[in-house]
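Following: one structure in structure tokens, then a few remarks.
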Amino acid sequence: MNKKIIIAIDGFSSTGKSTIAKLLAEKYNYIYVDTGAMYRAVTLYAMNNNFVSKNHLDEKGLLLNLKNISLSFKFNKDLGYAEMFLNRKNVEKEIRTLEVSQLVSKVAAISDVRKKLVAEQKIMGKDKGIVMDGRDIGTVVFPEAELKLFMIASADKRATRRYKELLDRGDKVSFKDVLFNVEERDRLDSTRKDSPLIKADNAIEFDNSDMGIEEQFDRICALVDREIA
Ligand code: DC
């Protein structure tokens, strides 16, 4: 029988991490965890309870309420992946708005928020057979992961992808705002004090600005196959 491993996928926003992660999870029958969804769900909670907005962050208020935030994933057979639940409510759609994207980096920079989510993520990976994507998976959550990927792509390509996704959902957004958000999150996520987005020393970098998803997936599967053999 093949060995079960941990696949850690990190990289900038909208580099196609989740697309690759979902395909890998399906092919190898692994659990897929989108850790960005967890930071987004905490941000949604903070927004709904007036702990965060464009010009304010009540870190103390949010931290006092961390114990009231319960996050879980439930697999949706029709979609083929797990959806995010916040305090038993499906928030999969709500967490993907541009508004949440504009506030999430502020919330994700809070060390005690990270501590809570990293602890939950480590538990999810304790039996291996998992593919997890985020910003600090190969560096902080699973430094021992057998396979670490680091995805990059030009800001313009990423914003174009994200813009299309938001339009397809029916959200009214401008390309300019989406591009600004992609670049601003890159800056905030890579310069924060706690667990900044950096490539782990032993991560393999993929620049998919001009590489199709199939070619990329084939190359990554070859790496997985070598590792689990
Ligand atoms: O993957 P995403 O774009 O949905 O993530 C949303 C934000 O969450 C991202 O801008 C930074 C934060 N994040 C993080 O700090 N650490 C992770 N492991 C995953 C996401």
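The values are calculated or read from the model by the stated rules, or taken from the named source; none is laboratory data. Bear in mind the structure is a predicted one, so any value in this text is a computation, not a measurement. These area figures cover heavy atoms from the full protein model, side chains too; ligands, DNA and RNA do not enter into them. Shrake-Rupley method; radii C 1.70, N 1.55, O 1.52, S 1.80 Å.
List the lysines whose alpha-carbon lies under 27 Å from that of LYS77, not counting same-chain residues fewer than 8 positions away?
Counting by Cα, and skipping residues close in sequence, LYS77 has these lysines nearby: LYS3, LYS4, LYS17, LYS22, LYS27, LYS89, LYS93, LYS122, LYS126, LYS128, LYS164.
Roughly speaking, to the nearest percent, how much of the range 1-51's 1.4 Å accessible area is carbon and sulfur?
Its accessible area is 48 percent carbon and sulfur atoms.
Given the C-alpha centroids of the range 76-114 and the range 1-74, what is the distance between them in whole angstrom?
Taking the Cα centre of the range 1-74 as reference, the centre of the range 76-114 is 6 Å away.
Using alpha carbons only, how many degrees (0 to 90, rounded to 10) separate the axis of helix 98-108 from the longest principal axis of the chain?
80 degrees
Multiply the residue separation of THR19 and LYS193 by 0.36 nm, subtract the distance between their alpha-carbon atoms, and state the gained length in nm to one decimal.
Working: separation 174, 0.36 × 174 = 62.64 nm, distance 2.84 nm.
Fully extending the segment from THR19 to LYS193 adds 59.8 nm.
Express the accessible area of the range 176-222 per residue in Å², computed with a 1.4 Å probe while the remaining protein chains stay in the model.
Numbers: 2840 Å² over 47 residues.
Roughly 60 Å² per residue, with all protein chains present.
Rank ARG88, ARG226, ARG40, ARG161 by accessible area, highest first, at a 1.4 Å probe radius? If you can, show how the numbers build up before the last one.
Numbers: ARG88 210, ARG226 170, ARG40 15, ARG161 80 Å².
Per-residue accessible area, sorted high to low, gives ARG88, ARG226, ARG161, ARG40.
Antiparallel as a % of all DSSP beta bridges within the chain, to the nearest 5? Display every interim value, and only then the final one.
On the way: 10 of 28 bridges.
Looking only at bridges with both residues in the chain, the antiparallel portion is about 35 percent.
What Rg and what Dmax come out for the chain when only alpha-carbon atoms are used, in angstroms?
16.9, 54
Between LYS67, LYS148, LYS22, where does the largest GNM mean-square fluctuation fall for the chain, given springs only between Cα atoms within less than 10 Å?
Among LYS67, LYS148, LYS22, the largest mean-square fluctuation in the Gaussian network model of the chain belongs to LYS67.
Check ILE152: other-chain or 5+ apart residues with amide H under 5 Å from its amide H, H built from backbone geometry?
Sorted by chain and number, the residues that satisfy this are PHE206, ASP207, ASN208.
Can you give the extra length, in nm with one decimal, that the chain gains between LYS74 and ALA229 once fully stretched, where that is 0.36 nm per residue apart less the Cα-Cα distance?
Values: separation 155, 0.36 × 155 = 55.80 nm, distance 3.00 nm.
Taking LYS74 through ALA229 to full extension adds about 52.8 nm, to one decimal.
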